[in-house]
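Novice: Sharing a structure, written as structure tokens. Questions coming.
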Amino acid sequence: MPSPDAPDVEALVHQELTRLMGEFLFDEDDVDLDESLTDLGFDSLSRADLLGKINNTFGTDVPLDVMLACRSLADLGEHLIARYGNRLARSVPGWDGGE
């Protein structure tokens, strides 16, 4: 559990996903994590490229089939937090892991 002064890991994950999406296709101000990746024009190749950036950023090993099953980056964020919570706590800037 994070300390009262620690940033919320969900908010930090969403912030990093927004930043990565902003680098990939859009200005960060135009990114909506709830919008369908298909509606944004992502095919399997572009999802694989984005997933590589996500895995590098968070130190995760999310397989492509999980990324392809996620409708949006918000869905992927939920997966990241559920599957890699402790790992994310150490890799997301600003998160102190509740220590």
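Novice: Go through the residues of segment 70-78 one by one and say whether even a single one is part of a helix (DSSP H, G or I), touching a residue at least 60 places away in the same chain (Cβ under 8 Å), surrounded by 14 or more Cβ atoms within 10 Å (Cβ to Cβ) and at negative phi.
Specialist: Checked segment 70-78: at least one residue is part of a helix (DSSP H, G or I), touching a residue at least 60 places away in the same chain (Cβ under 8 Å), surrounded by 14 or more Cβ atoms within 10 Å (Cβ to Cβ) and at negative phi.
Novice: How many residues, within segment 10-48, are part of a helix (DSSP H, G or I), polar (S, T, N, Q) and loosely packed, with under 14 Cβ neighbours inside 10 Å?
Specialist: 1
Novice: Also, quick follow-up: Hey, residue 7 hits all of (1) modelled with pLDDT under 90; (2) assigned to a helix (DSSP H, G or I); (3) in contact with a helix residue (DSSP H, G or I) (Cβ under 9 Å, 6 or more places away or on another chain) but one; which does it fall short on?
Specialist: (2)
Novice: Name the one entry in 52, 41, 59 that is free of Cβ contacts under 8 Å to residues at least 12 places away in the same chain and small (Gly, Ala, Ser).
Specialist: Values: 41 fails: free of Cβ contacts under 8 Å to residues at least 12 places away in the same chain; 59 fails: free of Cβ contacts under 8 Å to residues at least 12 places away in the same chain.
On inspection, the qualifying residue turns out to be 52.
Novice: Tell me, which residue of segment 49-69 that is assigned to a loop (DSSP other than H, G, I, E, B) and crowded, with 16+ Cβ neighbours inside 10 Å is modelled with the lowest pLDDT?
Specialist: Of everything passing the filter in segment 49-69, 60 is modelled with the lowest pLDDT.
The values are calculated or read from the model by the stated rules, or taken from the named source; none is laboratory data. Predicted, not measured: the structure shown is a model, and the values here were computed from it. Reconstructed Cβ throughout: ideal geometry from the backbone, glycine too, with neighbour counts over all protein chains shown.
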